[in-house]
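Quick notes on the structure that follows.
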Amino acid sequence: MNQQPAANQPNDITTMNAKDKPMNTDDSKQTSPETQASTAGRGDPQDRGGGGPLPAPRGAITSEGLLLGHGHSTPSPMECPCDIDAAVRELGNGPLTIAEAQKLFLPDSGYLDTPTYGLLSYPTVMAMSKGLMDGLYGKATPKGYHQEVTEARGTFGRLVQVPASHVAVRATTADFVTVIADAVPEGTTVLVSEKEFTSAWGPFRVRHEQGRYRVRFVPLDRLADEVTDDVSLVVVSAAQSIDGTVADLNAIEDAAKEHGAWTMIDATQSIGWQPLNANHYTFVICHSYKFLGVPRGATFMAISPDMARELPAIGANWYSGEDLWNSLYGPSLTLANDARRHDTSPAWLSWLGAAPALKLIEQVSVEAINRHDVSLANAFREGMGIPIPPVASPIVSVRGIPDAEQRLDQQGLRASIRGDGVRLAFHLYNNQEDVRKALRALGPRRA
């Protein structure tokens, strides 16, 4: 295993002083040792130059004005996606800067709720629109949808630095957790950080109540220290849904290996802004509708190769067959030899949007998005007098302001109440004006 800096070691991108350093949203072409992305997830950052072309907009079909996109307006006050079509055509198929990528989103300043769901880009909306039209005119085919799933699987694999053969696809996080829950040895302990999102631990709790094994919750900052020989699995989010706290995955991984335990990382709130190398963990799950900007219903799990066949194939179906098109009917079913044996049949429209959304993230690069997102979040923290954590995330929780949500709404900002605070997040489509609006709304208060 390569030695990496400790996850709690500060670096420039997590401690930038926004008052002294102007935020540069056009930096995806520049990387220096001082501006490398956080290594909290052992991302082993590398400049992959965008990784491939973004598909051209797929909304060219028009019929009686039914499809958004080319030369007509929507019957509402909202801006029509066709208004950014010219910008899309100018971008080409190579790597994108932050500023270029922002042209692919409608310029509606003030969305700070990516941990609830990420905004859809123009290419994603057009891909899904074309899919709807194909369904209307009878042009959609299962093989065509399968090609989109295959493309999305491969792109996700590159984002987390594993081959596509290590990646399974399903609809939700809990779908995958259920598979893992049936593989945990009886009489052992599943260790969970105490404020985890329920989908990451609910299926384990059910088995706990059945008496098959124990589930034990501990504070996040104690998780690595609490791993003992009776622990078979450690469950943790790379970034906490409730407040964005970044887990010390390096310490957790090391402790798990020392005691022979598996690791299950819920990366739903981190992949898209946090570099992460899935090779270091037993399971990495990501429901991709947050910071990856994929329509809800497309979830990935990267599985270590030695576990792919050990896990029970809960939910085996035609789409988990080695030869899909010869797995449609009985009486026999030969499951795939790799992670695909854990696939379930995909919800087509979600996956039509997944391929261009993931490609966009790859074109900009996770490292560049990390620098952009975290610098905005840290500028907000500094303006609020909130201490910047050693490893910062784009997600910020502000406590002690009972009417915070109303204040944000008055400034045209969207955020969510989670726990005892209001949760804001800054992502690819946000800018310094969003930071200024949030500071005007909430004022200089300490969390």
How do F197, F176 stack up against each other in accessible area, from largest to smallest, with a 1.4 angstrom probe? F197, F176
quick shape note, region 303-439: Cα extents on principal axes in Å, largest first -> 64, 30, 29
Under a 5 Å amide H to amide H cut-off, with H placed in plane at 1.01 Å, what residues pair with S241 once short-range neighbours are removed? F197
Stretch gain in nm, segment R222-A183, where the contour uses 0.36 nm per residue and the Cα spacing is subtracted: 11.5 nm
In whole percent, and with a 1.4 Å probe on the protein chains, what portion of the accessible area of region 328-447 is carbon and sulfur? 50
In region 282-344, the chymotrypsin sites (Phe, Trp or Tyr not before Pro) that sit in a DSSP loop and have at most 10 other Cβ atoms within 10 Å of their own Cβ are Y329
Amide H of W262: which non-local residues (sequence gap of 5 or more, or other chain) have their own amide H closer than 5 Å, using H built in the peptide plane? L233, V234
Given 10 °C, 1.306 mPa s and a Kirkwood radius over Cα pairs, the Stokes-Einstein diffusion coefficient of region 194-295 in µm²/s is 113
Can you tell me how much longer the chain between N326 and D306 gets when fully stretched, taken as 0.36 nm per residue apart minus their C-alpha distance, in nm with one decimal? 4.6 nm
For region 279-307 and region 169-244, what is the separation of their Cα centres, given in Å? 16
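The values are calculated or read from the model by the stated rules, or taken from the named source; none is laboratory data. Keep in mind the model is a prediction, meaning the values are calculated, not measured. In this analysis, Cβ positions are derived from the backbone assuming ideal geometry, glycine residues included, and neighbour counts consider all displayed protein chains. The area values use the complete protein model at the heavy-atom level, side chains included, leaving out ligands, DNA and RNA. Shrake-Rupley method; radii C 1.70, N 1.55, O 1.52, S 1.80 Å.
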